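Take a look at the structure below.
The values are calculated or read from the model by the stated rules, or taken from the named source; none is laboratory data. Please read all numbers here as calculations on a predicted model, not as lab measurements. Every residue, glycine among them, receives a Cβ derived from its backbone with ideal geometry; neighbour counts consider all protein chains shown.
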Ligand code: SF4
């Protein structure tokens, strides 16, 4: 049952904090982690065995949306994708050579950018590059992100033919004024047509992604967008708060700053979203996802098999994620490794025969423990100290219990958590501020200025 936090409570907990798509979080990673370190962890992953997750970053978009926070190359020249695939082919071969026996894949994700910037032949080639080295399990999840404004029915059929079964479409907002302001024009009709085309082609999971906090969004226009989204009956929605960081993403300076909703308005837009979607038959998953009750993600949350990664919430079929393409992030053998951000740096490294690593982090024992704990809070909204003891031993349980007790009085008094001496539970009110609960266990935030590099939690 949804509970709306008071305005005082929101103000109290509105502070910078991570979204916990990784732990340690990206600002803690170091340039000292390079290809030799990554290869050590790949070797560890090779020995561990089991199916893998793969991620491929396809950075091209025809236009740069003014709100975008992704690593994007804006171009109309499709031949650039051919050049990109030439490099990708070499990178996949370089990395796969270090995984001689671990080649089975249970999950694949193509993100961007816009993967459907690639035409049908390029999409087919991209898949073949992976299939040459890896074997996809018959029930593997193959997911792709698309921009409905530039995607054809023929591309959808090609992707389905390659085995893709889950599709995410960026919508953001249907209001014409908002769309014009953010530089992304996309009709409701074309989105609805593609949802239908994806279903007809055999996709069994359709996700729609929205953004709140964009310029000129009002409760009235947003209500209209939410109503139209619910009417399309996607299986899942992800609803992200717009991160306005023009110092980091200078193209956001093109947005009218005075038209951005303030903190209170943003909170109201999000709460309005929760009400509209839960009222429409969807379950709020963790921080910002919604799923139909019968959807795999909702089932995984109930079963405790949901995980948080760079794509948000996911059903976790594999322990290790190997990623390819510019700026992509791997999570293998107890380490994160990120490829260079710049296309040229990534290309140069691969062309020189080097596994292209720009920075990363090898997890310590304490990191592994805290990653587990933070995942439990962000995904299951509960933490069983008995489970911590079982997996990590009594001293680990004692350390985590000490963290719980340090924050307990305040969080309990504010109604965000319950604790019975064994299980810490996040209340429905606490779910809306779940990052603040997870922050209790983040050892890096205890360093001076530890939290200042993150967006605000509300
Ligand atoms: S289509 Fe997506 S990735 Fe490309 S610029 Fe727009 S928001 Fe960014």
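If the condition is being more than 16 Å from residue 208 (Cα to Cα) and either away from the ligand (no atom under 16 Å from the Cβ) or under 21 Å from the mean Cα position of the chain (by Cα) (or both), then region 145-161 contributes 153, 154, 157, 158, 159, 160, 161. If we keep just the residues of region 50-65 that are in a loop (DSSP other than H, G, I, E, B) and more than 9 Å from the ligand (Cβ to nearest atom), which is farthest from residue 115 (Cα to Cα)? Of everything passing the filter in region 50-65, 50 is farthest from residue 115 (Cα to Cα). With the checklist (1) surrounded by fewer than 19 Cβ atoms within 10 Å (Cβ to Cβ); (2) modelled with pLDDT of 95 or more; (3) more than 18 Å from residue 30 (Cβ to Cβ) in hand, flag the one item residue 377 doesn't pass. It is condition (1) that residue 377 fails.
For every residue, the table says whether it meets (1) in contact (Cβ under 8 Å) with a residue 40 or more places away in the chain; (2) within 29 Å of residue 57 (Cβ to Cβ); (3) not in a helix (DSSP H, G or I).
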residue: 337; (1), (2), (3): yes, yes, yes
residue: 340; (1), (2), (3): no, yes, yes
residue: 372; (1), (2), (3): no, yes, no
residue: 376; (1), (2), (3): no, yes, no
residue: 398; (1), (2), (3): no, no, no
residue: 402; (1), (2), (3): no, no, no
residue: 406; (1), (2), (3): no, no, no
residue: 409; (1), (2), (3): no, no, no
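When the test is whether a residue is assigned to a helix (DSSP H, G or I) and either modelled with pLDDT under 95 or closer than 20 Å to residue 14 by Cβ (or both), residue 449 does not pass it. When every residue of region 347-354 is checked against the conditions, at least one turns out to be surrounded by fewer than 18 Cβ atoms within 10 Å (Cβ to Cβ), on the phi < 0 side of the Ramachandran plot and part of a loop (DSSP other than H, G, I, E, B). When restricted to residues that are touching a helix residue (DSSP H, G or I) at 6+ places or on another chain (Cβ under 7 Å), away from the ligand (no atom under 16 Å from the Cβ) and under 12 Å from residue 85 (Cα atoms), region 102-123 contains 2. Residue 42 meets all of the listed conditions (1) in contact with a helix residue (DSSP H, G or I) (Cβ under 8 Å, 6 or more places away or on another chain); (2) assigned to a loop (DSSP other than H, G, I, E, B) but one, namely (2).
The condition of being over 21 Å from residue 121 (Cα atoms), more than 24 Å from the chain's Cα centre (by Cα) and at pLDDT 95 or above holds for only one of 189, 177, 199, that being 177.
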